[in-house]
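A short reminder: the numbers here are calculations on the coordinates, not readings from a lab. Not measured: the values here are computed from a predicted model. With ideal geometry, Cβ positions are generated from the backbone for all residues, glycine too; neighbour counts draw on all protein chains shown.
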Amino acid sequence: MIWGCGVVRSKSWEVDDELWAVIEPLLPKVERRARHPGRKRHPDRMVFQGILFVLHTGIAWEHLPQELGFGSGMTCWRRLAEWTEAARWRRLHEVLLAKLRGANALDFSRTAVDGAHPGVKGGPKTGRSPVDRGRTGSKHHLITDATGIPLAATLTGGHRNDVTQLIPLLQAVPPVRGKRGLPRRRPDVVLGDRGYDHDKYRRLVWDLGVKPLIARRGIEHGSGLGAQRWVVERAFAHLHWFRRLRIRWEIRDDIHEAFLTLGCSIICWRRLKNHHE
């Protein structure tokens, strides 16, 4: 409860009716068998909240508290895998980006890119990091709009240089609807730090119809790009506020990528809510 106003603050993993109205139509419909239906399927909304609980807290699946009503940890994990295989998380992200664009809350005039290393316990898409004493790890790559809204995120091994993911990140931005006419996919400008300094990739960015503004190695700091690039660093701080993304516990890379995209979607939803308030 918030002192002095008598308002109960909702938990971060609680899904209100407004958000559920966006999510529910995207989830696959599962009909019960007429003969031998078996145990009734746990409600999708409660299971989704269980997945969010794990994303926010980083708790192990087997330790998910039963008294919260989310179902068992295994139930939530299976539903997460089921929805991941159906590509529901990417679709949710696209829908929320379209809503942001429709509300004039998305700025494609420029984008910013960066990479960050979470902790890792192993699995596919790992590699020996050149910046972490050769430890095996993974890497998150992120592209945001001019205000820091996540447009796309990818996962690679920790040994992959940021510059190699510049084109894949730009190509990972989905076609964003929300306005009349063709969907928007390419930004006008992409900003990057010295880790993206390579003339070959500048040419490839130009080929996509995007202007690269990338800091050059060997030049003193003070280019002014940092005054615009900080939004992607803030977005990473918001993403890694989800404890499940600070350390990669999942052996399956697609499950960790699902959490990564879901985290981007939750950030988009919060931005949309704040825009309307």
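Order 264-271, 168-175 from most to least packed using the mean count of other Cβ atoms within 10 Å. Walk me through the numbers before you get to the answer.
Values: 264-271: 21.2, 168-175: 16.6.
Ranking the peptides 264-271, 168-175 by packing returns 264-271, 168-175.
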_Distant-in-sequence amide H partners of V190 (H built 1.01 Å from N, under 5 Å)_ = T111, K211, L213
_Using C-alpha positions alone, give me the convex hull volume of region 157-223 per residue in cubic angstrom._
114
